Amino acid sequence: MTDSELRRKRLALNNGSGHMPALGFGTLIPDAAVTLTATRDALEAGFRHFDCAERYRNEREAGEALRAGCATGGIAREEIFVTTKLWNSNHRPERVKPAFEASLDRLRLDYLDLYLIHTPFAFQPGDEQDPRDADGNVLYDNGVTLLDTWRAMESLLEDGRCRAIGLSDITLVELAPLYELARIKPSAVQVESHPYLPETDLLEFCKERGIVFLAFAPLGHGSRPGPLEDPVVTEIAARVGKSPAQVLLAWAVQRGGALLTTPKSAARAKENFNISALPEDALDSINRIEIRERLNNVVMTGVPGFIARGGSR
Ligand SMILES: NC(=O)c1ccc[n+]([C@@H]2O[C@H](COP(=O)([O-])OP(=O)(O)OC[C@H]3O[C@@H](n4cnc5c(N)ncnc54)[C@H](OP(=O)(O)O)[C@@H]3O)[C@@H](O)[C@H]2O)c1
């Protein structure tokens, strides 16, 4: 595969609704002004896949940047792939469609390429995204199951404004039974994944069923020490003349998944898009890294690891 083919690689969705560009840009950016500039820069650098969420509280800015960037660059809506996510406080089936509509409205889009259940954890239903009791404990909702929410997600596909559905922050143990019971199978699963958390069993499960395995934190959330400073990764980077970030992103695509990265400057957006195919022995060396580290506990609790509680965004 040439470098250009790798950068433009797209993964077919299992319901035939389209293709997801493997290189995705994530909008988990607390600052509204930075959301605007970083999203624009990502579009200019070549990214065509954008990941949003009602929980990020910046769908308006992400949508605005995409609209302006597409108009300036002559990019049609069909050329970009946009995802957003249903938050935990909207898991009750009757809240799913209104939440979907509200996201479309904030993004000012006519349709979404992908809508994900953000986490399998249902919080107390309502407009408070972070419901807590007096002692600060999260208020979960035991009155709704993940399958109840999934059934409501399935019915979103009926009018064409939601092209595909999937899940995020889910383990294989939770995904496998849901997959069996689903009338419409998930098209994508978004989870933390990098060489310190390869999630190989989940990747294989997804590949066998045509589900896109979509890695978030492919750079380990930028943490240092972390995968960006791993000696195996830095040695390969020096050998192939790419940056450690480019090595990590190429590995994520070449193993058959898609990814989401969040460069915040134009220079980093270019760097993160301009990946090059790694030789097989480099992929093998990364696969042999034995360090295991989960950086985001959202998969255990449904509480985001990266948004300060009570923060303004
Ligand atoms: N489903 C979920 O629960 C969930 C959870 C987390 C994230 N996500 C999604 O996944 C997206 C990506 O996650 P992420 O932000 O952790 O991705 P990431 O790309 O692994 O990490 C971003 C961090 O890496 C740094 N960085 C970016 N490009 C770099 C480069 N070329 N060299 C060195 N450092 C670099 C950034 O630093 P600077 O800020 O200094 O540029 C930032 O600190 C999010 O935006 C969101 O859409 C989903």
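Taken together, the values in this text are just the output of simple stated rules run on the coordinates, not laboratory data. What you see is a predicted model, and the numbers here were worked out from it, not measured in a lab. Glycine also receives a Cβ, built like all others from the backbone with ideal geometry; neighbour counts cover every protein chain displayed.
Below, the figures for the structure above:
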{"quantity": "DSSP bridge pairs, the chain: antiparallel proportion in percent, nearest 5", "calculated": "20 percent"}
{"quantity": "Relative contact order (percent, whole number), the range 104-179, Cα cutoff 8 Å, 6+ residue spacing", "calculated": "43 percent"}
{"quantity": "Relative contact order %, the range 149-209, counting alpha carbon pairs below 8 Å whose residues are six or more apart", "calculated": "32 percent"}
{"quantity": "Prolate/oblate/rounded label for the range 22-146 (Cα gyration tensor, a/c 1.5)", "calculated": "prolate"}
{"quantity": "Residue-averaged [θ]222 nm for the chain, counting only DSSP H segments that reach four residues, each worth -39500 (n - 2.57)", "calculated": "-11500 deg cm²/dmol"}
{"quantity": "Alpha-carbon Rg with Dmax, taken over the chain, Å", "calculated": "18.6, 57"}
{"quantity": "SER4-ILE289 FRET efficiency (beta carbon distance; Förster radius 41 Å; 0.05 resolution)", "calculated": "0.90"}
{"quantity": "Whole-Å distance, taken between Cα centres, linking the range 187-247 and the range 158-179", "calculated": "22 Å"}
{"quantity": "In degrees, nearest ten, helix 244-254 long axis to first principal axis of the chain (Cα)", "calculated": "70 degrees"}
{"quantity": "Relative packing of 224-237, 86-99, 49-62, 289-302, which averages over residues the other C-beta atoms within 10 Å, highest first", "calculated": "49-62, 86-99, 224-237, 289-302"}
{"quantity": "Label-point separation in nm, ARG209 to LEU181, each point 7 Å along Cα→Cβ", "calculated": "1.3 nm"}
{"quantity": "Order of ASP41, ASP110 - criterion: other Cβ atoms within 10 Å of each residue's Cβ, fewest first", "calculated": "ASP110, ASP41"}
{"quantity": "Listed peptides 119-125, 196-202 by packing density, highest first (mean Cβ within 10 Å)", "calculated": "119-125, 196-202"}
{"quantity": "The range 220-267 shape via C-alpha gyration tensor axes, a/c threshold 1.5", "calculated": "rounded"}
{"quantity": "Projected label distance in nm at ALA238 and ARG77, using a 7 Å step from Cα toward the beta-carbon", "calculated": "5.0 nm"}
{"quantity": "Gyration tensor verdict on the range 217-313 (Cα atoms; rounded if a/c is under 1.5, prolate if a/b is larger than b/c, oblate otherwise)", "calculated": "prolate"}
{"quantity": "Helix axis angle, 59-73 relative to the chain longest principal axis, alpha carbon, degrees", "calculated": "50 degrees"}
{"quantity": "Degrees separating the helix 172-181 axis from the principal Cα axis of the chain, which is the longest one", "calculated": "60 degrees"}
{"quantity": "Fluctuation leader among ALA188, ALA238, ALA134 - the chain, Gaussian network, Cα springs under 10 angstrom", "calculated": "ALA134"}
{"quantity": "Relative contact order for the chain, counting Cα pairs under 8 Å that sit 6 or more residues apart, in percent", "calculated": "20 percent"}
{"quantity": "Cα gyration tensor of the range 89-138 - equivalent ellipsoid semi-axes, whole Å, descending", "calculated": "25, 11, 10"}
{"quantity": "Cβ charges +1 (Lys, Arg) and -1 (Asp, Glu), total dipole of the chain, debye", "calculated": "620 debye"}
{"quantity": "Vicinal HN-Hα couplings computed from phi for the range 113-128 (Karplus, 6.51 cos²θ - 1.76 cosθ + 1.60; Hz; Gly/Pro x)", "calculated": "6, 8, 10, 10, 6, 4, 9, x, 8, 8, 9, 3, x, x, 8, 7"}
